[in-house]
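Have a look at the structure below, then the notes.
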Amino acid sequence: MKFKGLVSGWLLSVAITAVAQNQIASYTTAQQSQLKQLQSEGDFAFGQRRFADAEKAYLAAIEQGRKTSEPASHQAAVLNSLAAIYSFEGRYTEAESLCQQAITLLGATSGETNPELAIIFSTLGAVNLHIGKNAKAEQWLQQAIKLFNKDPGDHHVALLGAYSLLGVALCSQGKCRQADQIIQHALTLCEPSRPGCFQGIATAHVTLAAIYVRRGQYRKAEELYGHALEATERAYGPSNAMLVPTLSNLASLYVRQHRFLEAEASGRRALEIAAKVLSDSDATAKAALATGEALAGQERYEAAEPYFKQSLAIWERSQGPESLRYAWTLQQYARFLRKTNRSKEASVIETRANALVSRSGQTVDVSEFSKDEISQDHITRR
């Protein structure tokens, strides 16, 4: 199994409230009331991971803002929050567009040195990681960290999130040792007793776990995934969508260790939770693949194949049939077909998959990284 992509749990969530509250001063009292109410509704729903309700409130807030005669700089926060939701749901093109709109709004009204831009840069970095633009993601995240460090204020959790995302970007380019060092340093910046920091620390641990997986340090990785899972359950409950990325990573880790029954259990639990709200997310695709591999490892081939196809379908819808994620999953499916003595089908699929990978020039698969956990952390607590 290769080493591919992660982005979106707690970290994008940390930034919603503070940005918006600092940017509504120029509107009438009635407009302020409506805008704040809609944004507050969205923030509350986002914090509970009720993404459909949050999206509805944010879209209404954006529409309300367009009725004003002045540039609605406060909308940047709403656009960024909406981008985080779309990224988590696999709607990456929409998410990237919203981030760019938010940058334009906030930059035009408050200047390019506004530290709140760092939150949007982090979101855009996360989105770029999802679509395989790892070098571009690194650039955005370096900009975010630079702005955060100029005026950290109350953004310690968001800064930790940006460092975690930077670790993902670096390791996805084969710089895992540097990524490890950066995240270890970032963990010193956020005391566990500080509000929100325990979530950011857990998310950083997920990123470290992914690095340990690549190094073959499975025991360390499993321990960190376990801690992150416990922290997420304490924060959001046992069936919240935020559990899906860590469960899918854990299922993949168990597959690597040939612990197929445990892999199947984690994968099925992830898919059961994801079916409600995350049908096209990265984490769901990964959970489906891990479940298929777990069943194949038990020689339950007929039961396994639909899960490989589910994973392929998600990548095809969310990233397209030419994407690296789709190609990597095709390679896994081809290996499955060979196990079932369908070599002719496997050869055709391998040829297609290898051509896609070769064309991309990228050989590092970073799916152990849970971008889905990281990229929402810095929106919930601003």
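Show me the ranking of peptides 199-212, 177-190 by mean Cβ neighbours inside 10 Å, starting with the highest. Working shown, then result.
Working: 199-212: 27.0, 177-190: 16.9.
Taking the mean over residues of other Cβ atoms within 10 Å, the ranking is 199-212, 177-190.
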Given 260-272, 295-307, 54-66, the highest-first ranking by average Cβ count within 10 Å works out to 260-272, 54-66, 295-307
Given all pairs of distinct Cα atoms, the range 180-229 yields a Kirkwood Rh in Å of 11.0
Going by C-beta contacts inside 10 Å, put Val168, Val348 in order with the fewest on the left.
Val348, Val168
For the peptides 154-161, 34-41, what is the packing order when you average, over each peptide's residues, the other Cβ atoms within 10 Å and list the highest mean first?
154-161, 34-41
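Every read-out reported here was derived from the displayed coordinates using simple, explicitly stated rules and does not represent laboratory data. Quantities reported herein were computed from a predicted structural model and do not represent experimental measurements. Ideal geometry is used to build each Cβ from the backbone, glycine not excepted, and the neighbour counts take in all protein chains shown.
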